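The values are calculated or read from the model by the stated rules, or taken from the named source; none is laboratory data. These numbers were taken from a predicted model, which means no experiment stands behind them. Backbone-built Cβ (ideal geometry, glycine too); neighbour counts: all protein chains shown.
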Amino acid sequence: MSGSRPAGTAQRLRGAPRRLPLRVRLVAGFVVAISLVLAGAGGFVYWRVSYALDLRLNNDLRAEAAALAPLVTARGGLRADPGLDRLPGVRRYQVLDARGAVLSAGTDVRGQSLLSPRQARAALDGPLFADVGAMLPISRRPLRLFAVPLSSIEPGGALVVAERRDERDEALRELLAQLLVAGLGALVVSSVVGERLAKAALAPVERYRSQAVSIAAGATGLRLDVPDDRDDEVTRLGHTLNEVLNALEHALDRERQFTQDASHELRTPLTLLSTRVQLALQRPRSGSQYESTLRELGQDIATLATLAEQLLRISTSDEASMTATSGCDLAAVTDEVITEYARSRRGHGASIPPVTHREGRPQPLRVAMPEPQVRQVLTNLVENALIHGGGCVDVDVRATDGAARLTVSDAGVGVDRVFLPAAANRFARAVAARGRPGAGLGLSLVRALVERYDGELRFCSAGTHHRYSARFASSCVHAKSGTTATVLLPLQPQPGSTVDLDAGR
């Protein structure tokens, strides 16, 4: 247990920066970056100035060594020369033997050798620069040394000349101080500017957050206050969040409306089912009476099952369409579905003639809607026409104005023109149709599927036309009597062939 505590402490320390506010982290990162830039720039300036000052000293030392070296005798002294006192460096020189002992020296550097034993041995092999005393802390006698080997001394020796570094060190110390003051000032100013910029950049985010708190608390109709005169990452984020809020509010409204409608529609069959059970339990009944009651209960349960299945289809239609990746041939699928209907309805009094095509033959009509969804649309339209249209249904498929047109017509009495705009709403049922089978969900499922694939649903009856979404400019083509449901879907290009878009005009 004791070994886990340091590890946990280290993890908390590593995670501490992540818990800091974003503005603090941005400013800290900005300060670190500016510090590195200033340190790099200051180091470069210091190196260039130091190099220039050292180059000047080195050139002076080379000149002094070149002037004194010819004057060194075999014993290590300097030959008498009328201008010896005027030679540069004559007061700060030393002549060393092969062991590093001082043979002669100028008046300013008498005494101990200026070179260490290792440096003295290195000076016998070639020129050598060395420093005595440090720049910081300040030394009492800072010197720059230059040693060259001497061939006039047997078995060998070296000439050492020296120059004081006081001015050079003082210039570098002043430069360091100026760089430090200027760097700290620039760091403070850049930090303040960076903090202000970060605060200004993150101000919209904080405003979005405070507004989102109000929205999360239950406020409706509120949107993030996004300025229209800006186009940056934060404003684009605000627009995206507003779009998400619009979608969520729309979905919530639809869910609320769907729940209310479903509750209203389910109340009647559930109440009827409960009433039948209570009546069956009020008094003893015969077996035939119980059997009759069970049949009635079975019909009510079947109605509830059908309603639940339709609700499930509507709720899963969007998901199914989003997972589907390929379309189908609308003409071929329609032929199959209608053939199956005609075969299953034979002998039941329903009239479903073969599908009508241009020139009496099927023409490939490729649409984005997958086959399962096409079958759902056809099934619901045909069932609706059979129930409300007197049992006679006519289906037509053709290409027109760049779209695939599917029409399902019946020969019924028609639909009230006032009810047409609401005919595709969930649980919407005309007054005359309330006694017929159905829950008012078929057309709403058709509309959801058609609009999912950028199509258009039209519902026309007795000369009145209603378009639930205006996506195509083509006019309605159908009989004036009865009711006609029209589905228009965009055509997809057919590989290896061309679709006659003028057909059916």
>> Give all pairs with beta carbons closer than 6 Å in which a residue from the range 146-163 that is assigned by TED's automatic domain parsing to the domain that holds residue 107 and touching a residue at least 40 places away in the same chain (Cβ under 8 Å) meets a residue that is outside any strand (DSSP E or B) and among the charged types (D, E, K, R); count only pairs at least 6 apart in sequence or on separate chains.
In response: 161/64; 162/92; 163/60
> From the set of residues in the range 216-245 that are among the small types (Gly, Ala, Ser) and part of a helix (DSSP H, G or I), which is farthest from residue 199 (Cα to Cα)?
Replying inline: 216
> In this structure, is residue 173 in a helix (DSSP H, G or I) and more than 28 Å from residue 52 (Cβ to Cβ)?
Replying inline: no
>> Can you find, within the range 173-215, the residue that is surrounded by the most Cβ atoms within 10 Å (Cβ to Cβ) among those that are in contact with a helix residue (DSSP H, G or I) (Cβ under 6 Å, 6 or more places away or on another chain) and closer than 19 Å to residue 138 by Cβ?
In response: 179
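Every residue, every condition in (1) of a type in the set (Lys, Arg); (2) within 30 Å of residue 239 (Cα to Cα), yes or no:
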position: 118; (1), (2): yes, no
position: 123; (1), (2): no, no
position: 134; (1), (2): no, no
position: 140; (1), (2): yes, no
position: 145; (1), (2): no, no
position: 178; (1), (2): no, no
position: 183; (1), (2): no, no
position: 188; (1), (2): no, no
position: 193; (1), (2): no, yes
> Applying the selection to the range 150-169, what residues are more than 15 Å from residue 55 (Cα to Cα) and crowded, with 19+ Cβ neighbours inside 10 Å?
Replying inline: 150, 153, 157, 158, 159, 160, 161
> Quick one: in the range 434-485, which of the residues that are at pLDDT 80 or above and β-branched (Val, Ile, Thr) is farthest from residue 421 (Cα to Cα)?
Replying inline: 450
>> Among the residues of the range 63-101, what is the count of those that are farther than 13 Å from residue 156 by Cα and not in a loop (DSSP other than H, G, I, E, B)?
In response: 15
>> Which of the numbered conditions does residue 388 fail, given that it passes all the others? Conditions: (1) modelled with pLDDT of 70 or more; (2) on the phi < 0 side of the Ramachandran plot.
In response: (1)
> From the list 102, 49, which one is at pLDDT 90 or above and more than 60 Å from the chain's Cα centre (by Cα)?
Replying inline: 102
> Considering the range 104-143 alone, what residues qualify as being assigned to a strand (DSSP E or B) and either in contact with a helix residue (DSSP H, G or I) (Cβ under 7 Å, 6 or more places away or on another chain) or buried (at least 18 other Cβ atoms within 10 Å of the Cβ) (or both)?
Replying inline: 105, 128, 129, 130, 143
